[in-house]
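Read the structure below first, then the notes.
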Amino acid sequence: GQQVMQIPQYQHVQEGEDFTTYCNSSTTLSNIQWYKQRPGGHPVFLIQLVKSGEVKKQKRLTFQFGEAKKNSSLHITATQTTDVGTYFCAGLSNNFNKFYFGSGTKLNVKP
Amino acid sequence: DTGVSQNPRHKITKRGQNVTFRCDPISEHNRLYWYRQTLGQGPEFLTYFQNEAQLEKSRLLSDRFSAERPKGSFSTLEIQRTEQGDSAMYLCASSFDGEDGYTFGSGTRLTVV
């Protein structure tokens, strides 16, 4: 079955440092989405990537979709305490109609 | 529209009891999904509906679980003869034709004692 893996599992950074989380799929993906879940909250949609090699930016967040459409990354520049939470990627393969979520990267930002 | 609504927020039940959760999706969304999330893990797919039709059910879902979406609007998820392993957050999400992002509800946290 489809598997979506994320690394690292945890990341502790000092406020102002950069952060990157990586997502890898065992199969070629049609789309990939990224979500953020605050502690005690529910996943909130951030962005969707569809095209091979696509790069999208949202303020300090940069999202990339690999050329082979099997991996993706989320990079946060100059983290802030408001970035604290767990970041999930979710992949949609060509054969499925629902997104499979990775296990997430939990980000802690020390002020 | 205030987004996806789930009830109850919390449910504590004794092992062996039946429980039912409700999800009210965003009204314009034709797709509704149920996911389960345990601590430290990502949401795990359970089942999804397009309008009133249940199109897919995870193999992880035992026959104790059943979901309905009778009129293509709200959905219910029932768990019969609950077990301690059923303890988790049950998340509902909706979308329009599976495009764009899912909008998740706040979830129902189930504790089986």
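Would it be correct to say that B:Thr82 is in contact (Cβ under 8 Å) with a residue 40 or more places away in the chain, surrounded by 14 or more Cβ atoms within 10 Å (Cβ to Cβ), in contact with a Gly (Cβ under 9 Å, 6 or more places away or on another chain) and more than 25 Å from A:Tyr35 (Cβ to Cβ)?
yes
Kindly establish whether A:Phe88 is surrounded by 18 or more Cβ atoms within 10 Å (Cβ to Cβ), at the interface with chain B (Cβ under 10 Å from one of its Cβ atoms), at pLDDT 95 or above and in a strand (DSSP E or B).
Answer is yes for this residue.
Restricting to segment B:31-54, give me the number of residues that are in a strand (DSSP E or B) and either at pLDDT 95 or above or within 19 Å of B:Phe104 (Cα to Cα) (or both).
Result for segment B:31-54: 15.
Report the residue count in segment B:66-93 for those that are out of contact with any Asp or Glu (no Cβ under 7 Å at 6 or more places or on another chain) and either closer than 17 Å to B:Thr38 by Cα or away from every other protein chain (no Cβ under 14 Å) (or both).
Of the residues in that region, 18 qualify.
All but one of (1) in contact with a strand residue (DSSP E or B) (Cβ under 8 Å, 6 or more places away or on another chain); (2) on the phi < 0 side of the Ramachandran plot hold for B:Lys71; which doesn't?
All conditions are met except number (1).
I'd like the full set of residues that are touching a residue at least 12 places away in the same chain (Cβ under 8 Å) and either of a type outside the set (Val, Ile, Thr) or not in a strand (DSSP E or B) (or both), limited to segment A:96-111.
The answer is A:Phe96, A:Phe99, A:Tyr100, A:Phe101, A:Gly102, A:Ser103, A:Gly104, A:Lys106, A:Leu107, A:Asn108, A:Lys110, A:Pro111.
Among the numbered criteria (1) more than 25 Å from B:Met89 (Cβ to Cβ); (2) touching a Phe, Trp or Tyr at 6+ places or on another chain (Cβ under 8 Å); (3) surrounded by fewer than 21 Cβ atoms within 10 Å (Cβ to Cβ); (4) in contact (Cβ under 8 Å) with a residue 12 or more places away in the chain, which one does A:Glu17 miss?
The failed condition is (2).
The values are calculated or read from the model by the stated rules, or taken from the named source; none is laboratory data. Bear in mind the structure is a predicted one, so any value in this text is a computation, not a measurement. A quick note on method: Cβ atoms are made from the backbone with ideal geometry, for glycine too, and the neighbour counts reach across all protein chains shown.
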